[in-house]
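Participant: Attaching a single structure in structure tokens format; questions to follow.
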Amino acid sequence: MERDNVWKKYTQEEEKELQTICQGYRHFLNQGKTERECVKYIVEMVKQSGYENLEEVRKSGRKLKTGDKVYAVNMKKAVALFQIGDDPITDGMNILGAHIDSPRLDVKQNPLYEDTDFAYLDTHYYGGIKKYQWVTLPLAIHGVVAMKSGEVIDVVIGEDDKDPIFCVTDLLIHLAGEQMDKKASKVVEGEKLDLLVGSRPLEGEEKEPVKNMVLSILKKKYGMEEEDFLSAELEIVPAGKARDAGLDASMIMGYGQDDRVCAYTSVIAMLEMNDLKKTACCLLVDKEEIGSVGATGMQSKFFENTVAEIMDSMGEYSELNLKRCLAASNMLSSDVSAAFDPNYASAFEKKNAAYFGRGVVFNKFTGSRGKSGSNDANAEYIGKLRKIMDDNNVAFQTAELGKVDIGGGGTIAYILSLYGMNVIDSGVAILNMHAPWEISSKADVYEAMKAYKAFLKDA
């Protein structure tokens with residue numbers, strides 16, 4: 001039952017392809033540090049491969065046919081790709097699902113303040129984080145500012161070598177006796193995660209001169225007034241690029257690999273598909289890290305509505321046909337797994353853990369304690385997937401998320417399973433999950449891409 005390290009079997013040609021995929025993946029991580037940036041990057045990718053905007057197809061009145069490729073975007077934060085197959089769409093689709101949001105710090109709506117000659121932006125953390133990991137790091141600001149005029153301004157500060165960077169400060173060790181006695185969850189409080197953005201007073205200003213200096217810079221660079229923070233979405237993320245890791249360069253270290261590693265490999269798999277039997281879909285959503293809620297999360301009607309539009313453009317829509325299509329579909333709910341870490345071996349059950357370099361991971365169930373909140377995939381579906389992976393020479397492994405009762409987690413799988421389709425969690429094993437800098441194995445990134453291609457072709 002133990003899986004071999006997949007590096008042992010690669011040919012020179014396979015390793016060359018692996019490096020090409022991982023080079024593209026690193027570039028994606030660098031360009032897509034927010035969900036908006038990911039959607040923009042992916043849309044440009046797929047348009048170059050012949051994908052058309054579904055909304056434009058609909059308005060033209062043209063009917064979709066076998067081989068057509070279309071995409072739909074939801075509020076610039078989620079995207080769905082479709083390639084129409086030969087079979088009737090009521091026979092179901094093969095769906096790759098992932099999320100493109102990641103843990104971070106969000107700037108509050110009324111954030112800017114001055115205290116003792118320092119200017120700060122007040123933040124609210126997003127998703128499950130260890131708060132102490134976010135102090136003393138070089139940080140960048142990414143996002144948008146929506147003006148009352150309707151203009152939306154893109155903001156990226158801290159990524160260019162000429163840009164300033166930002167930081168959340170921490171108490172020096174010499175004075176941290178009381179702090180060091182606190183529980184890890186309390187060492188840094190959520191309200192202390194404020195971003196240091198300035199310390200120089202604006203000449204001629206007596207009241208809050210440092211804050212006014214910051215405002216004058218924002219006014220000059222972006223045309224922003226303080227009130228414009230009310231309609232801004234600014235995300236604080238680690239500054240810097242994803243890099244190869246290890247002396248052997250066998251790994252990638254970068255921000256946001258949960259779950260952009262599955263998103264990118266899913267898109268690559270879609271782009272390499274042609275002449276499909278079943279219609280293929282790649283669904284990339286927002287808000288998974290906070291429960292898949294809201295208009296751009298998996299719990300919204302975006303996916304269902306888009307499938308209805310696809311069917312209508314094929315002349316196949318009815319409420320019953322939509323239900324038949326979704327119920328007959330197969331899905332890989334692609335999200336990262338916790339990689340076994342020998343430094344923290346006590347958190348894992350070694351027979352049922354995910355390991356670096358042993359291929360894509362299938363999780364029959366996630367959830368917590370007694371599988372609470374989990375989609376628990378059927379044995380028949382897993383048997384079918386085993387055959388698909390073996391027939392296509394894909395390295396795979398199975399895992400649980402740590403020991404029973406140690407913790408737990410969830411994905412979007414349980415939401416899609418409500419349609420009655422076959423769904424299983426799959427993805428890439430990650431070290432440092434939800435930390436500012438996460439680590440993946442290049443071999444697992446490559447095997448995930450191969451797995452998604454095999455699934456779209458043969459499921």
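Participant: Would you pick out the residues in region 389-413 that are in contact with a strand residue (DSSP E or B) (Cβ under 8 Å, 6 or more places away or on another chain) and not hydrophobic (A, V, I, L, M, F, W, C)? Write out each step before concluding.
Facilitator: The first filter runs over region 389-413 and keeps only residues in contact with a strand residue (DSSP E or B) (Cβ under 8 Å, 6 or more places away or on another chain), leaving 389, 394-402, 407-413.
Those that are in contact with a strand residue (DSSP E or B) (Cβ under 8 Å, 6 or more places away or on another chain) and not hydrophobic (A, V, I, L, M, F, W, C): Gln397, Thr398, Glu400, Gly402, Gly407, Gly408, Gly409, Gly410, Thr411.
Participant: Sticking with this structure for a sec: Sort out which residues of region 378-417 are assigned to a loop (DSSP other than H, G, I, E, B), open to solvent by less than 40 Å² (accessible area, probe 1.4 Å) and within 20 Å of Met1 (Cα to Cα), and write them in order of number.
Facilitator: Result: Val394, Ala395, Ala399, Gly402.
Participant: Further, regarding this structure: Taking the stated definitions as given, is Ala327 out of contact with any strand residue (DSSP E or B) (no Cβ under 8 Å at 6 or more places or on another chain), within 24 Å of Met93 (Cβ to Cβ) and either modelled with pLDDT under 95 or of a type outside the set (Asp, Glu) (or both)? First the steps, then the outcome.
Facilitator: Details: out of contact with any strand residue (DSSP E or B) (no Cβ under 8 Å at 6 or more places or on another chain): yes; within 24 Å of Met93 (Cβ to Cβ): yes; either modelled with pLDDT under 95 or of a type outside the set (Asp, Glu) (or both): yes.
Taking the combined requirement at face value, the residue satisfies it.
Residue-wise test of (1) touching a residue at least 12 places away in the same chain (Cβ under 8 Å); (2) at positive phi; (3) open to solvent by less than 10 Å² (accessible area, probe 1.4 Å); (4) touching a Leu at 6+ places or on another chain (Cβ under 8 Å).
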position	(1), (2), (3), (4)
Tyr125	yes, no, no, yes
His142	yes, no, yes, yes
Asp161	no, no, no, no
Pro164	no, no, no, no
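Here's the yes/no breakdown for (1) within 14 Å of the chain's Cα centre (by Cα); (2) touching a residue at least 60 places away in the same chain (Cβ under 8 Å); (3) more than 27 Å from Leu234 (Cα to Cα):
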residue: Leu18; (1), (2), (3): no, yes, yes
residue: Tyr25; (1), (2), (3): yes, yes, no
residue: Leu29; (1), (2), (3): yes, yes, no
residue: Glu35; (1), (2), (3): yes, yes, no
residue: Cys38; (1), (2), (3): yes, yes, no
residue: Ile42; (1), (2), (3): yes, yes, no
residue: Asn53; (1), (2), (3): no, no, yes
residue: Gly61; (1), (2), (3): no, no, yes
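Participant: Which of (1) open to solvent by less than 50 Å² (accessible area, probe 1.4 Å); (2) outside any loop (DSSP other than H, G, I, E, B); (3) touching a residue at least 24 places away in the same chain (Cβ under 8 Å) does Ala345 not meet, given it meets every other one?
Facilitator: (3)
Participant: Take the conditions buried (at least 22 other Cβ atoms within 10 Å of the Cβ), farther than 26 Å from Lys33 by Cβ and within 21 Å of the chain's Cα centre (by Cα) and apply them to Ser441. Does it pass? Break it down into steps so the answer makes sense when it comes.
Facilitator: Details: buried (at least 22 other Cβ atoms within 10 Å of the Cβ): yes; farther than 26 Å from Lys33 by Cβ: no; within 21 Å of the chain's Cα centre (by Cα): yes.
The answer is no for Ser441.
Participant: Do any strands (runs of 3 or more DSSP E) lying entirely in region 227-304 carry at least 2 residues that are of a type in the set (D, E, K, R), and which ones are they?
Facilitator: Numbers: elements: 232-238, 243-245, 251-254, 279-285.
Ranges flagged: 232-238, 243-245.
Participant: For region 413-459, which residues satisfy the criterion of being of a type in the set (S, T, N, Q) and within 22 Å of Val285 (Cβ to Cβ)? Even if it seems obvious, please write down each step before you answer.
Facilitator: Taking region 413-459 first, the residues of a type in the set (S, T, N, Q) are 417, 422, 426, 432, 440-441.
Listed by number, the residues that qualify are Ser417, Asn422, Ser426, Ser440.
Participant: Of the residues Val73, Val43, which is open to solvent by 10 Å² or more (accessible area, probe 1.4 Å), in contact with a strand residue (DSSP E or B) (Cβ under 7 Å, 6 or more places away or on another chain), part of a helix (DSSP H, G or I) and modelled with pLDDT of 95 or more? Even if it seems obvious, please write down each step before you answer.
Facilitator: Values: Val73 fails: part of a helix (DSSP H, G or I).
Going through Val73, Val43 in turn, the sole match is Val43.
Participant: Which ones in region 274-296 are modelled with pLDDT under 95 and open to solvent by less than 40 Å² (accessible area, probe 1.4 Å)?
Facilitator: Glu288, Glu289, Gly291, Ser292
Participant: Limited to region 86-107, what total is found for residues that are surrounded by fewer than 21 Cβ atoms within 10 Å (Cβ to Cβ) and more than 26 Å from Met433 (Cβ to Cβ)?
Facilitator: Of the residues in that region, 5 qualify.
Participant: While we're looking at this one, here's another question. Restricting the search to region 282-338, which residues are among the acidic types (Asp, Glu) and out of contact with any Ser or Thr (no Cβ under 6 Å at 6 or more places or on another chain)?
Facilitator: Quick first cut of region 282-338, residues among the acidic types (Asp, Glu) only: 286, 288-289, 304, 309, 312, 316, 319, 335.
Within region 282-338, Glu288, Glu289, Glu304, Glu309, Asp312, Glu316, Glu319 qualify.
Participant: Same structure, new question: Please determine whether any residue of region 418-432 is closer than 22 Å to Tyr126 by Cα, open to solvent by 10 Å² or more (accessible area, probe 1.4 Å) and not aromatic (Phe, Trp, Tyr).
Facilitator: Within region 418-432 (the criterion being closer than 22 Å to Tyr126 by Cα, open to solvent by 10 Å² or more (accessible area, probe 1.4 Å) and not aromatic (Phe, Trp, Tyr)), the answer is yes, since at least one residue qualifies.
Participant: A follow-up question, please. Are any residues in region 312-329 open to solvent by less than 80 Å² (accessible area, probe 1.4 Å), acidic (Asp, Glu) and closer than 24 Å to Tyr414 by Cβ, and if so, which ones?
Facilitator: Those that are open to solvent by less than 80 Å² (accessible area, probe 1.4 Å), acidic (Asp, Glu) and closer than 24 Å to Tyr414 by Cβ: none in region 312-329.
Participant: Can you name the residue in region 445-459 that is touching a strand residue (DSSP E or B) at 6+ places or on another chain (Cβ under 6 Å) and assigned to a helix (DSSP H, G or I) and, of all such residues, is nearest to Tyr10 (Cα to Cα)?
Facilitator: The first filter runs over region 445-459 and keeps only residues touching a strand residue (DSSP E or B) at 6+ places or on another chain (Cβ under 6 Å), leaving 447-448, 451-452, 455-456, 459.
So of that shortlist, the ones also assigned to a helix (DSSP H, G or I) come out as 447-448, 451-452, 455-456.
Working: Glu447: 11, Ala448: 15, Ala451: 16, Tyr452: 19, Phe455: 21, Leu456: 23 Å.
Selected residue: Glu447.
The values are calculated or read from the model by the stated rules, or taken from the named source; none is laboratory data. On a predicted model such as this, the values are computed, not experimentally measured, just so you know. Positions of Cβ are generated from backbone atoms using ideal geometry, with glycine treated the same way; all protein chains shown enter the neighbour counts. With ligands, DNA and RNA removed, areas are computed over all heavy atoms of the protein, side chains included. Shrake-Rupley method; radii C 1.70, N 1.55, O 1.52, S 1.80 Å.
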